[in-house]
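Here the structure is laid out as structure tokens; the discussion comes afterwards.
The values are calculated or read from the model by the stated rules, or taken from the named source; none is laboratory data. For clarity, every value in this text was computed on a predicted model and none was experimentally measured. Cβ atoms come from the backbone with ideal geometry, glycine included; neighbour counts cover every protein chain shown. In case anyone asks, the SASA skips ligands and DNA or RNA and just uses the protein heavy atoms, side chains included. Shrake-Rupley method; radii C 1.70, N 1.55, O 1.52, S 1.80 Å.
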Amino acid sequence: MLNNQQLSMLNAQLKRRNFIYRFFILIAFCLLFVSCSLQKKIALSAKENILNIPELRTAHIGISIYEPATGKYWYNYQSDKFFTPASNTKIFSCYAGMKYLGDSLTGLRYTENNNDIFIQPAGDPSLLHPDYKIQPVISFLQHSNKNIYIISNNWQENAWGMGWSWNDYTDDYMAERSALPVYGNTIKFVQTQTIEKIEELGNKPQTTIYTEPEINWKLNFNTDTGSSIFFAKRAISENIFTITEGKEKHKEIHIPFVTNGITSALELLKDTIGKEIKIKDKLPAPAPQFHAIHTQPADSLFKPMMHRSDNFFAEQTLLMVSNQLLGTMNDEKIIDTLLKTDLKDLPQKPNWADGSGLSRFNLFTPQDFVWILNKMQHEFSWKRISTIFPTGNEGTLTNYYTTDSSFIYAKTGSLTGVVALSGYLTTKKNKALIFSVLVNNHQTTGRAVRRAVEKYIQAIRENY
């Protein structure tokens with residue numbers, strides 16, 4: 001039997017344990033209360049700023065707010081439902097490019113013998129692109145005295161992506177994809193007007209129209225001088241352009257050209273390098289070893305891809321990743337490979353159709369975007385991410401999130417009826433969050449939706 005002293009000690013121990021137990025229960029209850037309170041406040045803000053505003057009551061909306069430090073979602077609203085994400089699709093293409101394209105882009109691969117050079121294109125969109133002044137591939141081709149042959153059997157794609165709107169084919173945001181892109185696969189048309197003084201006629205405007213680069217393709221000029229706008233149209237399947245003069249003193253427009261595989265590129269390259277590149281179906285036996293010519297820093301491609309939402313750069317990025325990993329340029333194959341490997345743990349398996357988000361066949365959830373953004377933070381440095389993603393009042397975020405702009409780094413997305421924003425957010429209480437807001441089927445202006453999303457994100461920033 002226990003004596004009185006032992007009973008007293010045991011009783012004291014039981015009281016302490018009971019106190020500790022109750023203390024932890026209280027802490028857990030407080031945390032749960034705070035968590036529930038937080039979710040309710042964010043949900044109320046979502047209703048006030050997005051869900052219940054008249055312009056968006058009939059829209060489809062998904063929201064996910066996540067705190068990486070705790071691994072907890074602050075708020076989810078239809079976050080496991082699928083939405084058309086528009087250019088938020090570029091986040092996935094950017095991840096693939098950052099992981100697999102290395103520090104610099106591969107412009108082409110080549111092998112040679114005593115008389116000939118055999119080149120294989122790699123999908124690099126920087127070739128003769130006006131954004132890039134240094135052109136290692138051009139220098140290599142110009143300085144060779146050998147016969148040059150090209151083998152493009154690694155191209156297994158179509159010029160347009162699956163589900164693209166075909167009637168946008170003359171718009172600069174829908175340049176064709178190709179194995180050997182040049183000049184961004186667009187032609188720049190320039191109109192300038194000067195005033196010449198002619199004694200008989202007085203001052204008369206003189207209009208000059210030219211292209212960059214110069215082309216030998218057919219140009220038709222519309223003499224309808226009643227038009228106030230300078231524009232050009234192209235036949236859907238041929239490089240035949242119709243140009244209408246406008247009244248602007250200076251205007252530049254970019255029109256995609258028909259790539260015809262690599263045929264158009266070889267036509268344009270001939271004048272630049274001063275020699276002909278001939279097409280071969282296959283390499284001579286035995287199979288030679290290829291060497292790579294590297295061109296641009298990889299991030300010099302990813303940054304404009306994300307800042308100005310460059311569809312062409314995004315498409316070619318995914319194709320270059322395909323070429324790097326599989327030896328062929330094919331969207332379907334590389335997407336399937338990525339979903340089975342790096343992206344196998346996505347919360348919901350997306351329907352991923354292209355590299356840019358032009359296709360309405362793309363379907364992703366808000367949680368998918370939170371997941372990939374979190375993965376990027378684990379695999380790449382914040383310095384790199386914050387350079388590639390635009391912050392407030394930069395790129396496609398220009399005129400948004402202008403106050404203390406560096407609290408947000410995010411990618412926009414826009415199609416008719418679609419507004420998307422996914423990225424990183426730091427609150428005023430220094431909480432680092434990842435968020436995704438996807439809006440589909442709205443019938444108001446894109447600007448009105450973006451302002452509503454901005455108000456919601458700003459509220460989270462201010463209050464938490």
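For the reader, a short list of remarks on this structure follows.
- Strands (runs of 3 or more DSSP E) contained entirely in the stretch 367-464, each with at least 3 residues that are at pLDDT 95 or above and under 15 Å from the mean Cα position of the chain (by Cα): 408-415, 418-426
- Among the candidates L31, L7, L2, L26, residue that is outside any helix (DSSP H, G or I), farther than 23 Å from L397 by Cα, open to solvent by 80 Å² or more (accessible area, probe 1.4 Å) and modelled with pLDDT under 95: L2
- Each residue in the stretch 139-161 was checked for being of a type in the set (A, V, I, L, M) and either on the phi > 0 side of the Ramachandran plot or out of contact with any Asp or Glu (no Cβ under 8 Å at 6 or more places or on another chain) (or both), and 2 of them qualify.
- When the stretch 138-154 is filtered for residues that are under 11 Å from K282 (Cβ atoms) and of a type outside the set (S, T, N, Q), the ones remaining, listed by number, are Y149, I151.
- Summed over the stretch 360-379, the residues that are closer than 27 Å to Y173 by Cβ and either open to solvent by 30 Å² or more (accessible area, probe 1.4 Å) or touching a helix residue (DSSP H, G or I) at 6+ places or on another chain (Cβ under 8 Å) (or both) give a count of 9.
- Among residues of the stretch 51-69 that are polar (S, T, N, Q), those with a beta-carbon under 6 Å from a residue that is open to solvent by less than 10 Å² (accessible area, probe 1.4 Å) and part of a strand (DSSP E or B) at least six positions away or on a different chain give the pairs S64/S436.
- Scanning the stretch 63-111 for residues that are closer than 19 Å to F302 by Cα, surrounded by fewer than 19 Cβ atoms within 10 Å (Cβ to Cβ) and hydroxyl-bearing (S, T, Y) yields Y100, S104.
- Top-ranked residue in the stretch 211-228 [being more than 36 Å from the chain's Cα centre (by Cα) and exposed (fewer than 11 other Cβ atoms within 10 Å of the Cβ); ranked as modelled with the lowest pLDDT]: D224
- Test for I63: is it outside any loop (DSSP other than H, G, I, E, B) and β-branched (V, I, T): yes
- The set of residues in the stretch 233-262 being of a type in the set (D, E) and under 30 Å from I279 (Cβ atoms) consists of E238 alone.
- Filter result for A448 (out of contact with any Asp or Glu (no Cβ under 6 Å at 6 or more places or on another chain) and not hydroxyl-bearing (S, T, Y)): no
- For the stretch 229-270, taking the residues that are among the small types (G, A, S) and in a loop (DSSP other than H, G, I, E, B), the one that is nearest to the chain's Cα centre (by Cα) is identified as G261.
- Subset tally (residues that are surrounded by fewer than 23 Cβ atoms within 10 Å (Cβ to Cβ) and under 15 Å from the mean Cα position of the chain (by Cα)) for the stretch 299-330: 6
- The stretch 258-269 residues that are farther than 19 Å from D171 by Cβ, paired with ones that are open to solvent by 20 Å² or more (accessible area, probe 1.4 Å) and of a type in the set (S, T, N, Q) (beta carbon under 6 Å, 6 or more apart): I262/S152
- Qualifying residue in the stretch 119-137 (condition: surrounded by 17 or more Cβ atoms within 10 Å (Cβ to Cβ), at positive phi and of a type in the set (A, V, I, L, M, F, W, C)): yes
- Residue match in the stretch 55-62 (condition: of a type in the set (D, E, K, R), open to solvent by 80 Å² or more (accessible area, probe 1.4 Å) and closer than 20 Å to T416 by Cβ): yes
- Test: residue in the stretch 274-295 that is under 14 Å from the mean Cα position of the chain (by Cα) and basic (K, R): no
- Counting residues in the stretch 338-358 that are assigned to a helix (DSSP H, G or I), among the hydrophobic types (A, V, I, L, M, F, W, C), within 29 Å of L415 (Cβ to Cβ) and more than 13 Å from the chain's Cα centre (by Cα) gives one or more.
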